[in-house]
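Beneath this line is the structure, given in structure tokens, with notes to follow.
Throughout, read-outs are computed from the coordinates displayed, never taken from laboratory work. All of these numbers come straight from a predicted model, not from anything done at the bench. No Cβ is skipped: glycine too gets one built from the backbone with ideal geometry, and neighbour counts run over all protein chains shown.
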């Protein structure tokens, strides 16, 4: 009788651990999926930027440094995005992506500020279409970041609450990094309106 009670207690504990483990795995997969939505939009953004630069090249011949800075910032952001996509839970990779995205946003801001001085560029149909697509993509990135941060918050809350924290640590469920923007300058999306 005592052995049967012990078996039942052990079975209940095992089922409890399995339940918590499965919940944490589900929440981790949700934030990874949410990051993949950010990744899709970032790739779309990265693909638009070379077209934007090519369109601007003919008009901004004397601003080669700015155009090269945009491409360099884009390439750094692509590399950082690939590292973060490989492991969205890695705080170092996420911080690298946030820094690279801040650099890209700054470079794009300079490009658009320069473009304001060139009326023919502002009126170029291709430039207007690219800026409209970039604006739309920026909005999608913003929504995807919010979904990712919500999923990370749910995961982190679940792993930090009792009794889940007893399971999370031993099974390697470390805290996920939010996709935050640190400075007020980085919080501003590049202005892409040429009206």
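Some points to look at:
- Annotation for residue 113 and residue 162: the two label points, set 7 Å from Cα along the Cα-Cβ direction, are 5.3 nm apart.
- With a simple spin-label model that places each label point 7 Å from the Cα along the Cα-to-Cβ direction, the separation between residue 123 and residue 79 comes to 4.1 nm.
- Shape parameters for the chain, alpha-carbon atoms, Rg then Dmax in Å: 22.9, 89
- Angle in degrees between helix 91-115 and the longest Cα principal axis of the chain, rounded to the nearest 10: 20
- Using the Cβ-Cβ distance between residue 139 and residue 22 with R0 set to 35 Å, the FRET efficiency works out to roughly 0.50.
- Inter-label distance, nm, simple model (7 Å from Cα along the C-beta direction), residue 146/residue 36: 2.3
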